[in-house]
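Asks: Let me give you the structure first, and then I'll get to my questions.
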Amino acid sequence: MTDYGKLFRLDGKTALVSGAARGIGAAIAEALAQAGASVLITDVLERAGQETVERIRRAGGEAAFFKHDVTIEAQWEAAIKQAEKEFGPLEVLVNNAGIETAAMLSQCTLEDFNNVMNVNVNGVFLGLKHAVRAMSPGGTSGRGGSIVNMSSAAGLVGTTGHISYHASKGAVRMLSKAAAVECAQLQTGIRVNSVHPAIIGTEMGENFVKHLVDLQLAPDQATAKAAMMAAHPMGHFGDTADVAAAVLYLASPAAKWVTGTEIVPDGGYTAA
Ligand SMILES: NC(=O)c1ccc[n+]([C@@H]2O[C@H](COP(=O)([O-])OP(=O)(O)OC[C@H]3O[C@@H](n4cnc5c(N)ncnc54)[C@H](O)[C@@H]3O)[C@@H](O)[C@H]2O)c1
């Protein structure tokens, strides 16, 4: 009989989670470590990253921190090398690092657009490129594995005031599908999927609501928050564990036949 509990375990596997110093990335790192993975937490925020490592270690998990800006190609090579050196062959990559800005389309500067695309799209592209090199047969890790890219409900539907963010998260969805098809057809043993949360109560989630007031789309924060909550049929925002659980599934052997698709933990936001 299939041992379904075991299918969700990651014992002996090495994982790298970008942007994992805080928020959703930190919860993903905790989830993967609880499932038995050794996790390299990477981020530009060193202190918060070390604190997340300590929290995981105190709970009996294995983790380390590596300072890493996802927009710099050489730092991707160094981060993957570090994960392999510290814990062994890389089998799970979560491209989670991301930023959000707000502006009406007619006011949005090219600089803002490029900045968001640089972190949210170039960062994911570079992570995919170097992880696929390492994880493919004959690569430095060479065992195949799972890559999970953090998109957003904003990669599936549009809203007012977040043009750069929507464009970037839509691109992450298609980067994931194209990479999934190529990796499968080349028999690399690598699966690639994307995750599309609606609003999660992190610093970014709070800013998303605040920006609606900044853009004069809502009179005050309480009204903006109530309107955004009402846009989720379940009536409330998600928490970081709702996203981490979806990532854990995609990273695990339970999802061994799942590639090129999306999981949408959004409280019904995109169904309405
Ligand atoms: N919070 C939400 O409502 C929500 C909803 C859907 C998708 N997301 C996505 O989830 C991911 C995590 O979001 P969060 O809510 O935890 O945000 P957050 O701002 O709390 O955390 C993002 C992390 O990414 C790091 N980061 C930013 N730029 C980086 C760079 N260039 N290199 C390395 N690290 C960098 C930050 O330092 C931070 O630790 C993002 O990709 C975001 O777009 C968030």
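Asks: Enumerate the pairs (first residue in segment 104-120 and under 23 Å from GLN216 (Cβ atoms) and free of Cβ contacts under 8 Å to residues at least 60 places away in the same chain; second residue anywhere and outside any helix (DSSP H, G or I) and of a type outside the set (S, T, N, Q)) with beta-carbon separation below 7 Å, excluding pairs fewer than 6 apart on the same chain, so at least 6 apart or on different chains.
Replies: Short answer, once both residue conditions are applied: ASP112/ALA103; VAL116/ILE99.
Asks: Still on this structure, please answer the following. Return the total of residues in segment 76-88 being open to solvent by 60 Å² or more (accessible area, probe 1.4 Å) and within 12 Å of the ligand (Cβ to nearest atom).
Replies: So the answer is 0.
Asks: Shifting gears a bit: Examine segment 196-211 for a residue that is more than 30 Å from ASP3 (Cβ to Cβ), crowded, with 19+ Cβ neighbours inside 10 Å and hydroxyl-bearing (Ser, Thr, Tyr), and state whether such a residue exists.
Replies: So far as segment 196-211 goes, yes, one or more of its residues are more than 30 Å from ASP3 (Cβ to Cβ), crowded, with 19+ Cβ neighbours inside 10 Å and hydroxyl-bearing (Ser, Thr, Tyr).
Asks: Which residue, of GLY36, GLY12, is surrounded by fewer than 24 Cβ atoms within 10 Å (Cβ to Cβ), within 22 Å of VAL132 (Cα to Cα) and more than 18 Å from the chain's Cα centre (by Cα)?
Replies: Only one candidate qualifies: GLY12.
Asks: Identify, from the list VAL116, VAL132, VAL121, VAL92, the residue that is open to solvent by less than 30 Å² (accessible area, probe 1.4 Å) and away from the ligand (no atom under 16 Å from the Cβ).
Replies: Result of the check over VAL116, VAL132, VAL121, VAL92: VAL92.
Asks: Can you tell me which residues in segment 160-175 are more than 19 Å from ALA131 (Cβ to Cβ) and surrounded by fewer than 21 Cβ atoms within 10 Å (Cβ to Cβ)?
Replies: Listed by number, the residues that qualify are THR160, GLY161, HIS166, ALA167, GLY170.
Asks: Going by the conditions given, is LYS67 in contact with a helix residue (DSSP H, G or I) (Cβ under 6 Å, 6 or more places away or on another chain) and more than 19 Å from MET150 (Cα to Cα)?
Replies: yes
Asks: Does at least one position in segment 150-161 carry a residue that is within 11 Å of the ligand (Cβ to nearest atom), under 16 Å from TYR269 (Cα atoms), modelled with pLDDT under 95 and of a type outside the set (Lys, Arg)?
Replies: No, segment 150-161 contains no residue that is within 11 Å of the ligand (Cβ to nearest atom), under 16 Å from TYR269 (Cα atoms), modelled with pLDDT under 95 and of a type outside the set (Lys, Arg).
Asks: Another question about this same structure. Test of understanding: among ALA255, ALA245, ALA184, which residue is modelled with pLDDT of 95 or more, open to solvent by 20 Å² or more (accessible area, probe 1.4 Å), touching a Ser or Thr at 6+ places or on another chain (Cβ under 8 Å) and not hydroxyl-bearing (Ser, Thr, Tyr)?
Replies: Sole residue among the options that is modelled with pLDDT of 95 or more, open to solvent by 20 Å² or more (accessible area, probe 1.4 Å), touching a Ser or Thr at 6+ places or on another chain (Cβ under 8 Å) and not hydroxyl-bearing (Ser, Thr, Tyr): ALA184.
The values are calculated or read from the model by the stated rules, or taken from the named source; none is laboratory data. These numbers come from a predicted model, not from an experiment. Glycine gets a Cβ as well: all are built from the backbone with ideal geometry, and neighbour counts include every protein chain shown. In case anyone asks, the SASA skips ligands and DNA or RNA and just uses the protein heavy atoms, side chains included. Shrake-Rupley method; radii C 1.70, N 1.55, O 1.52, S 1.80 Å.
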